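The values are calculated or read from the model by the stated rules, or taken from the named source; none is laboratory data. On a predicted model such as this, the values are computed, not experimentally measured, just so you know. Note that we place each Cβ from the backbone using ideal geometry, even for glycine, and neighbour counts take in every protein chain shown.
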Amino acid sequence: MKKHQYELSVEWTGNQGNGTLNYKSYNRDHSISAEGKYTEIMASAEPAFLGDKTKYNPEDLFLSSIAACHMLWYLHLCSKHKIVVIAYLDNATGVMEEAANGSGKFTKVCLNPKVKVAEQSMITKATELHKEAGKMCFIANSCNFDIEHNPTTTTD
């Protein structure tokens with residue numbers, strides 16, 4: 001079995017002079033970076049947790065990881081099966097439930113890919129390949145809940 005290792009840095013940039021003196025004394029801003037990557041990601045917490053709504057939060061990044069991993073596997077499988085994908089857009093959604101103690105977990109993710117293929121004859125197989133991509137996705141395989149797929153495949 002092959003093992004892949006990942007390294008990145010998460011640096012808190014939200015000290016407003018008093019550190020974490022109390023819940024409202026600091027902001028949740030942080031940066032995410034990795035050596036050799038083009039840019040760093042400026043992130044925060046979700047606004048419900050006093051974060052900056054203009055920045056990505058861990059929940060956004062989690063959902064995007066699922067959607068991107070699925071897309072990459074899907075595109076690979078399409079190329080392998082001679083399905084020519086012209087465009088791909090997924091408006092993914094997710095639900096996180098917060099527990100009484102303040103923790104939480106994702107309970108639902110739904111991928112809604114809109115795929116455009118080159119020929120009408122490719123639509124059926126292209127739609128079917130989402131199921132296989134869901135089984136192959138590394139991120140989806142790491143989740144403890146089912147991920148729904150509602151693909152739409154067209155030629156126009």
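What the table below lists for this structure:
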| quantity | calculated |
| --- | --- |
| For LEU75: the one exception among (1) more than 25 Å from PRO151 (Cβ to Cβ); (2) part of a helix (DSSP H, G or I) | (1) |
| Any chance CYS78 is in the same structural domain as PHE106 (by TED's automatic domain parsing), in contact with a Phe, Trp or Tyr (Cβ under 7 Å, 6 or more places away or on another chain) and under 25 Å from VAL109 (Cα atoms) | no |
| Members of segment 38-75 that are loosely packed, with under 14 Cβ neighbours inside 10 Å and over 22 Å from GLY14 (Cβ atoms) | TYR38 |
| Residue within segment 26-47 that is in a loop (DSSP other than H, G, I, E, B), under 30 Å from MET136 (Cβ atoms) and under 13 Å from the mean Cα position of the chain (by Cα) present | no |
| Some residue of segment 96-109 being closer than 30 Å to TYR23 by Cα, of a type in the set (Lys, Arg) and surrounded by fewer than 18 Cβ atoms within 10 Å (Cβ to Cβ) | yes |
| Selection from segment 1-25 of residues that are more than 24 Å from GLU98 (Cβ to Cβ) and in a strand (DSSP E or B) | SER9, GLU11 |
| Whichever residue in segment 112-156 is part of a loop (DSSP other than H, G, I, E, B) and touching a Lys or Arg at 6+ places or on another chain (Cβ under 9 Å) and, among such residues, is surrounded by the most Cβ atoms within 10 Å (Cβ to Cβ) | PRO151 |
